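Heads up, the thing below is written out as structure tokens.
The values are calculated or read from the model by the stated rules, or taken from the named source; none is laboratory data. What you see is a predicted model, and the numbers here were worked out from it, not measured in a lab. No Cβ is skipped: glycine too gets one built from the backbone with ideal geometry, and neighbour counts run over all protein chains shown. All accessible areas refer to the heavy atoms of the entire protein, side chains included, with ligands and DNA or RNA removed. Shrake-Rupley method; radii C 1.70, N 1.55, O 1.52, S 1.80 Å.
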Amino acid sequence: MNKYNSEIDQLHDTVIKEDYCIGCGACTIIKGSPLRIRMNEYGNYEAYIDRQKKNVDGQIKLLDICPFSGESKNEDEIGQILFPKNKKDSHIGNYLKCFAGYVADGDYRANGSSGGFGKWLGYILLKENKIDYFVQVAANTTTRSDVPLFDYQVFNSADEVIKGSKSSYYPVTLEKVVKIIQETEGRYAITGVPCFIKTLRLLSIRDQILAERIQFTIGIVCGGMKSANHAKAISWQLGILPANLIAIDFRRKDKNRHASHKIYQVWSNKDNIERYKIDYKIIGTGWEGYFMPNACNYCDDVVGETADISLGDAWLPQYVTDPRGTSVMVVRNGILLELLEKYNTEGVVDLEEISKEDVVKSQDGGFRHRREALSYRLSKKVENNEWFPKKRVVANQFTITAKRKKIYSLREIIAQKSHIVFLDAFQKNDFSLFIKGMKPIQKQYINFIRGSIFRRGLRKIKRMIIGLSSKK
């Protein structure tokens, strides 16, 4: 028997109260919902109950549209509804073909992330009259530092699509843009991280208007979202106080460096000084988990399995050395596949078909985090009798060494602690407090990860030797 009087209470006491809310805004969109979205002190969007709202319908249904409720349809179920005839894979979902490549035409590759396909797809869909509006995350062009640096924006001109952001490791919410889609007739394409695309699919199951108007979804391969305080921490280290930060580029390109080297650039409302620095010189920009929302540690979708097409970085040896960037993509929609193959023939884009195994290899760290490490995190929840959203991965699904368990635990601690320690440094206007506060756990993590990398290197060398011997 359900102990909750309503789904409002259940959503609040599980997803929201236990810190699994990703701030997508789905629960605020349902008519009559008392929930609202706000950015909290840690720089993450979260839902909350508006206690001032009167005459709330206690029978309102919210759990089936929340991506982390554990009671909504999972990615496998949604994929089977959307793409029942496609090939199926447990890592990348139902798919038609996989590619690696880049946009050869124009400045899309230079001005976009990876191979430039995110913006190019919006441009070409508008140009070919497949859609009326392209929805993507874009930078807020203002000199005010008290507004979010990024937000969803709607474009109806193909030439304006280039104004969209590159990779934006910054929180956004779907709340306002979904209402725009509901209220403004037309055909839409929208980009989003995996959990946001899943949210749109869940909403579309309930809302026929959304189902009809959202013609294409473009998923962004995700290694985990970041809080707004992540951008503030970067700017602080580059000489701009958080109160003066007005813009950030998370993926400035450098022709002399590999695509895997992220270069961060920030802008102040106090001067026009050019400030940028490579990632390894900035604390909190690695893969340790700094500023990651808790929900991202309990997600099992890496590539956006419910999207019509998924785009990410081709982190493969044959592509990663190209500083201009190369995209890896998983295509699930036949119309988009035809477009890609047409423009590949014409030389507008340069595509190489790759295997599903190559896609997985290109994101192997993300899959370890969302599968093996997730199963361990879930096992701890089970052991402590704590609530968690039901996932396709289950507790203790994988055999994990004590060393890896320690690394996974440290990453979760780093994520949690970075939010708290930075807030303290921010409130006291002293960034050294953040450095001092994170140093012990960071040092511990580095010591463990170095040993793990060394052993993986030895195993790789051993496999190579065995492989060479077998060919003789």
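So, of the residues in segment 21-52 that are of a type outside the set (S, T, N, Q) and loosely packed, with under 15 Cβ neighbours inside 10 Å, which turns out to be nearest to R332 (Cα to Cα)?
K31
Quick grid of which residues meet (1) modelled with pLDDT under 95; (2) surrounded by fewer than 17 Cβ atoms within 10 Å (Cβ to Cβ):
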residue: G325; (1), (2): yes, no
residue: E352; (1), (2): no, yes
residue: F367; (1), (2): no, no
residue: L374; (1), (2): no, no
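Would you tally the residues in segment 376-390 being of a type outside the set (G, A, S) and open to solvent by less than 30 Å² (accessible area, probe 1.4 Å)?
3
Go over the candidates K443, K436 one by one and state the one that is basic (K, R), more than 23 Å from the chain's Cα centre (by Cα) and at pLDDT below 95.
The match here is K443.
Quick grid of which residues meet (1) in contact with a strand residue (DSSP E or B) (Cβ under 7 Å, 6 or more places away or on another chain); (2) in contact (Cβ under 8 Å) with a residue 60 or more places away in the chain:
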| site | (1), (2) |
| --- | --- |
| E341 | no, no |
| E353 | yes, yes |
| G366 | no, yes |
| K390 | no, yes |
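Give G347, G334 a once-over and let me know the one that is at negative phi, open to solvent by 10 Å² or more (accessible area, probe 1.4 Å), touching a residue at least 12 places away in the same chain (Cβ under 8 Å) and among the small types (G, A, S).
One residue alone meets the criteria, G334.
Of (1) touching a helix residue (DSSP H, G or I) at 6+ places or on another chain (Cβ under 8 Å); (2) part of a loop (DSSP other than H, G, I, E, B); (3) aliphatic (A, V, I, L, M); (4) at pLDDT 95 or above, A211 satisfies all except one. Which?
(2)
Of all the residues that make up segment 169-201, how many are in a helix (DSSP H, G or I) and either among the hydrophobic types (A, V, I, L, M, F, W, C) or free of Cβ contacts under 8 Å to residues at least 12 places away in the same chain (or both)?
9
Report, ordered by the first and then the second residue, all pairs with beta carbons closer than 7 Å, sequence separation of six or more or different chains, a first member in segment 307-319 that is more than 29 Å from P84 (Cβ to Cβ), and a second member that is of a type in the set (D, E, K, R).
Once the first residue is more than 29 Å from P84 (Cβ to Cβ) and sits in segment 307-319, its partners that are of a type in the set (D, E, K, R) give L316/D358; L316/K361.
Please give the number of the condition C299 fails out of (1) open to solvent by less than 10 Å² (accessible area, probe 1.4 Å); (2) touching a Pro at 6+ places or on another chain (Cβ under 8 Å).
(1)
Where residues in segment 68-108 are under 13 Å from T326 (Cα atoms) and among the aliphatic types (A, V, I, L, M), which of them is farthest from the chain's Cα centre (by Cα)?
Ranking the qualifying residues of segment 68-108, first place goes to A104.
Tell me which of these D107 doesn't satisfy, since it passes every other one: (1) closer than 24 Å to A211 by Cβ; (2) touching a helix residue (DSSP H, G or I) at 6+ places or on another chain (Cβ under 9 Å); (3) without any contact (Cβ under 8 Å) to a residue 60 or more places away in the chain.
D107 satisfies all of (1) closer than 24 Å to A211 by Cβ; (2) touching a helix residue (DSSP H, G or I) at 6+ places or on another chain (Cβ under 9 Å); (3) without any contact (Cβ under 8 Å) to a residue 60 or more places away in the chain except (1).
Is there any pair with a first residue in segment 4-32 that is closer than 19 Å to P171 by Cα and at pLDDT 95 or above and a second that is outside any helix (DSSP H, G or I) and acidic (D, E) whose Cβ atoms are under 6 Å apart and which are 6 or more apart or on different chains, and what are they?
As it stands, the answer is C21/E46; G23/E46, since those pairs meet every condition given.
Pick from segment 156-179 the residues that are more than 23 Å from A231 (Cβ to Cβ) and in contact with a Phe, Trp or Tyr (Cβ under 7 Å, 6 or more places away or on another chain): which of them is modelled with the lowest pLDDT?
Residue satisfying both the conditions and the ranking: V161.
So, in segment 391-429, exactly how many residues are of a type outside the set (K, R), under 20 Å from I446 (Cβ atoms) and open to solvent by 70 Å² or more (accessible area, probe 1.4 Å)?
Summing the residues that are of a type outside the set (K, R), under 20 Å from I446 (Cβ atoms) and open to solvent by 70 Å² or more (accessible area, probe 1.4 Å) in segment 391-429 gives 4.
Here are some conditions: (1) more than 26 Å from F196 (Cβ to Cβ); (2) touching a Pro at 6+ places or on another chain (Cβ under 9 Å). E341 meets all but one. Which one does it not meet?
(2)
How many residues are modelled with pLDDT of 90 or more and touching a strand residue (DSSP E or B) at 6+ places or on another chain (Cβ under 6 Å) if we restrict to segment 90-117?
Of the residues in that region, 12 qualify.
Which of the following residues is open to solvent by 20 Å² or more (accessible area, probe 1.4 Å) and within 22 Å of the chain's Cα centre (by Cα): N111, N55?
The match here is N111.
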